[in-house]
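Following: one structure in structure tokens, then a few remarks.
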Amino acid sequence: MTSAKSICAAAALAFIGSAALAQDAKTGMVTQIDRLNGTIAIQQPQDGTVGASGGSGTVKQFKVQGVSLDALHAGDQVTFTPSGDTVTKIEKKK
């Protein structure tokens with residue numbers, strides 16, 4: 001019985017750990033880059049269909065951690081992974 005509880009506990013921890021580490025990649029357009037302060041502003045498309053024809057989504061300012069901004073410019077379409085108000089991964093769409 002003890003080994004069955006251990007296996008269930010290990011499976012539960014693995015599931016919770018993987019869910020906590022999973023971060024959704026988002027898409028958007030770079031609107032501003034501040035290389036000196038390590039920040040980037042990204043306009044994300046509006047969610048849903050109500051008012052989506054209005055064209056613009058919200059622009060959010062992010063701190064950048066462990067990511068180079070050298071290859072990015074305003075107007076670039078990007079895929080990025082936010083962690084709160086910090087971007088931990090960003091790639092220019094091709």
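The values are calculated or read from the model by the stated rules, or taken from the named source; none is laboratory data. In this text, all values refer to a predicted model and were calculated from it rather than measured experimentally. Here the Cβ positions follow ideal geometry from the backbone for every residue, glycine too, while neighbour counts run over all protein chains shown.
Among the listed residues V67, V50, V78, which satisfies the condition of being at pLDDT below 95 and surrounded by 12 or more Cβ atoms within 10 Å (Cβ to Cβ)?
Working: V50 fails: surrounded by 12 or more Cβ atoms within 10 Å (Cβ to Cβ); V78 fails: at pLDDT below 95.
Going through V67, V50, V78 in turn, the sole match is V67.
How do the pairs read when you match residues in segment 75-90 that are closer than 16 Å to R35 by Cα with residues anywhere that are among the β-branched types (V, I, T) and not in a strand (DSSP E or B), using Cβ under 6 Å and keeping only pairs 6 or more apart or on different chains?
Close Cβ pairs (under 6 Å, with a partner that is among the β-branched types (V, I, T) and not in a strand (DSSP E or B)) amount to I90/V67.
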